[in-house]
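Undergrad: Once you've had a glance at the structure underneath, I'll fire off some questions.
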Amino acid sequence: MRAFSIAALAGLLLAACTSSARPAEQDGTDLWLAAGRPYSEVLASVQTAIDPALPAEGFHIYDVDGSRHIDAGSEAGLRYGVYALQRAEALGQAGPGIDLQEKPFYDLRLLNHWDNLDDTVERGYAGLSMWEWTAPDVPEERIRHYGELCASVGINGSVLNNVNSNPLVLDAEHIARVAKIADILREYGIKTYLSIKWTSPIALDGLKSGDPLDPKVRAWWKDKAAEIYAAIPDFGGFLVKANSEGQAGPQDYGRTHADGANMLAEALKPYGGIVMWRAFVYAPTSPDRANQAVEEFLPLDGQFADNVIVQIKNGPVDFQPREPFSPLFGKLHNTKMMMEFQITQEYLGFSNHLAYHGTTWEECLDADTYRDGPGSTVAKMVTAIAGVANTGQDANFCGYVFAQANWYAFGRLAWNPELSAEEIADEWVRQTFLKPEGLSDKKFDKKFVEPVKGILMASREAVVDYEMPLGLHHLFGGTHYGPIPWDRMPPRPDWQPPYYHQADSAGIGFDRTDTGSGNVDQYNEPLRSTFANLETCPENLLLWFHHLPWDYKLSSGRTLWDEICLHYDTGISQVEAFRSTWEELKPYVSASLFEEVQTKLLIQRNDAEWWRDACVGYFQKVSGLPLPAEVRPLRVPVDTLMKSLLRSDKLGMPVFDDEYRVVMDKMRPFRRRMQ
């Protein structure tokens, strides 16, 4: 993976040469389709044919005797081929003699929408639900635009509703509405799926039980499946969150996850449907939340029906800016596994921070589980992939033009996990931002594409630095937007940051070695030994696996305390460098997009400072150590922050003052959260 330092980023600052460049007018609502020819125009320019010898979703683009051809194994493959040609044209890679043959790495490439029936979106930061559940009719124009965007990057499935599901999604009224949405999505090769609530038979029809071995419960789900397929013949299946975070499930009746999943699988199997059963499970009594997926699912390996896939989050805790990969990927041999990434930035500044996840997901997919020996990468262990969507009713879908890059990157990696994050970033920039009139391709590359790509590639590491460096994790509270490392508010310890950082006067970090929770033992060798040994544990995961004294010396020669402070300071400097770079790019981008990014980067810079003040200030309070001489002083005293709470609007977005700093309200005495 290519690394971008602050110094390198600063080297990308380029003097504006604006005498002939005239920025194109654009507002981000075309997303990455901005630079390409319309689909219909590309299709009309080629000769197409179905070739049964090709994979069903595969295609072959080639030239013969002056004519351009696209052959494919199906209509879906033709669609992907046309979009691939559209992309190649926009990237300048579609010259005479093109010979491009591709097929998707995964058969199932889904978006999971956490949209609620009241139009709110859990962890959504781009307005209300794009499906408009409460409107008289479905928003056809938006859904068509969404379908085109998904198809252009190869996404072929959509779970329409929140995993914390409302049972009403399975009533007759909502099934009819879902059928209307499915009719539109089908035109773009996208299957429709639903998240279900385990207690639906009880809530909708008054059954007395949700026991998956109860004949009445099994009959109810079979009848419901028949009702759904009568309305949506190609319905994809169910996504299930059960026995997690207070949700009901088969364990409430003394049954297993396999019992529950297989009961649903039996109901869906006659129609070709699947069950995606989430492995995001943890109990408040466990000594380590990171252990529980393996503890609950490894004993069930091989017990799931063949149309069940266990859907596993990329990390063992919860979509943190950096986590090791979930050890479950390296443990299951006889169970289908599905990756779950989070496109929406629940823990990375919502739609206010620039945080390119291409590097996050590349890091995970390329990681070696050693399950079947060296080369057993996470990408090879899973047979399907899902991403929690970042879409809403905002005109640009994602609330921020740079948030669109994560939707694009997910689609491209779902199609081909061997693509590099840098390659995908380059594609996205060139297709999203139109080249100014009067500027040559070469100058556009040098003056705009390369600097923006540099920002993207450095952005996730910047967020890690100013939020939770060196393996720190889950220092959030409330809405998950800002830092509350001191928070010990009930109801459960594993929702409290001290559970994870375990900072005291002697040191900081979560001991997951054999002297602690033993989480390292869930990883295959040689990873187990690598993570357990201080000499070999990657420093960017050091405090994930180890509790260390504040004066522990790192490879830099600095103490752990000094290194923590410097990382937070570096994170602020990185965002300041992004802002400086973006200021230099004003001559090459439309005024509306320039101002949008300029404002968001100011918010991000101020938020980075808030993170530093809260975390460094609190850890200084705990450790009693002075700040290193080379870091800037704290802006707001931590005692002030500890008596304050972030103000949010009705959709859970932070409220800002005139200087684009978060508004903090004084905490009432009964809400005070202090150690």
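The values are calculated or read from the model by the stated rules, or taken from the named source; none is laboratory data. Nothing here was measured: the structure is a model prediction, and the numbers come from that model. Reconstructed Cβ throughout: ideal geometry from the backbone, glycine too, with neighbour counts over all protein chains shown. In case anyone asks, the SASA skips ligands and DNA or RNA and just uses the protein heavy atoms, side chains included. Shrake-Rupley method; radii C 1.70, N 1.55, O 1.52, S 1.80 Å.
Undergrad: Which percent of Cα-Cα pairs in the stretch 372-444 sits in each 5 Å bin, short to long?
TA: Binned Cα distances yield the sequence 3, 13, 19, 18, 16, 13, 9, 5, 3, 1, 0.
Undergrad: Between A226 and A248, what is the spin-label point distance in nm, taking each point 7 Å from the Cα along the Cα→C-beta axis?
TA: In this crude spin-label approximation the distance works out to 2.3 nm.
Undergrad: If I stretch the segment between L100 and N334 completely, what's the gain in nm (0.36 nm per residue apart, minus their alpha carbon distance), one decimal?
TA: That pair, L100 and N334, stretches by 80.8 nm at full extension.
Undergrad: Let me test this: with uniform point scatterers at the alpha carbons of the stretch 331-388, what is the Debye-based log₁₀ I(q)/I(0) at q = 0.13, 0.29 1/Å?
TA: One equal scatterer on each Cα of the stretch 331-388 leads to -0.41, -1.20.
Undergrad: Hey, another quick one. Does the stretch 487-554 classify as rounded, prolate or oblate by the C-alpha gyration tensor (a ≥ b ≥ c root eigenvalues; a/c under 1.5 gives rounded; else a/b over b/c gives prolate, otherwise oblate)?
TA: Here the stretch 487-554 falls in the oblate category.
Undergrad: Could you point to the residue in I61, I603, I455 farthest towards the positive end of the chain's charge dipole, with +1 and -1 charges on the Cβ of Lys/Arg and Asp/Glu respectively?
TA: I603
Undergrad: Continuing with the same structure: About its Cα centre, how strong a charge dipole does the chain have in debye, to the nearest 20, once Lys and Arg get +1 and Asp and Glu get -1 at the Cβ?
TA: So the magnitude is around 1040 debye.
Undergrad: So which trypsin sites (Lys or Arg not before Pro) in the stretch 67-145 pass both tests, a DSSP loop state and at most 10 other Cβ atoms within 10 Å of the Cβ?
TA: Sparse-neighbourhood loop trypsin sites (Lys or Arg not before Pro): none present.
Undergrad: Rounded to the nearest 500, what is the chain's calculated 222 nm mean residue ellipticity when only DSSP H runs of at least 4 contribute -39500 (n - 2.57) each, over all residues?
TA: My calculation for the chain gives -10500 deg cm²/dmol from helical runs alone.
Undergrad: How much of the pair distance distribution for the stretch 25-118 lies past 14 Å, counting alpha-carbon pairs only, in percent?
TA: I get 69 percent for the Cα pairs in the stretch 25-118 exceeding 14 Å.
Undergrad: How are the alpha carbon pair distances in the chain distributed across 20 Å bins from zero to the largest one, expressed in percent?
TA: That works out to 18, 52, 29, 2, in percent per bin.
Undergrad: Still on this structure, please answer the following. Taking only protein heavy atoms and a 1.4 Å probe, what accessible area per residue, in Å², does the stretch 438-512 have with all protein chains in place?
TA: 28
Undergrad: Given N residues in the stretch 341-467, what is its alpha carbon radius of gyration divided by 2.2 N^0.38 Å?
TA: 1.14
Undergrad: Need one word for the stretch 89-167: rounded, prolate or oblate. Basis is the Cα gyration tensor (sqrt eigenvalues a ≥ b ≥ c); a/c below 1.5 gives rounded, then a/b vs b/c decides.
TA: Verdict is prolate for the stretch 89-167.
Undergrad: What are the lysines whose alpha-carbon lies under 24 Å from the alpha-carbon of K586, with same-chain residues fewer than 8 places away excluded?
TA: Filter leaves K435, K442, K443, K446, K447, K453, K600.
Undergrad: Which length gain, in nm to one decimal place, applies between L554 and W495 when the Cα-Cα distance is subtracted from 0.36 nm times their residue separation?
TA: Separation in residues times 0.36 nm, less the Cα-Cα distance, equals 18.3 nm.
Undergrad: Aspartates and glutamates within cross-link reach of K224: Cα-Cα under 20 Å, excluding same-chain residues under 8 positions apart?
TA: D171, E173, D183, D205, D211, D214, D234, D259, E266
Undergrad: Suppose each label sits 7 Å from its Cα in the direction of the beta carbon; what would the Q598-E141 distance come out to in nanometres?
TA: My value for the distance between the label points is 3.0 nm.
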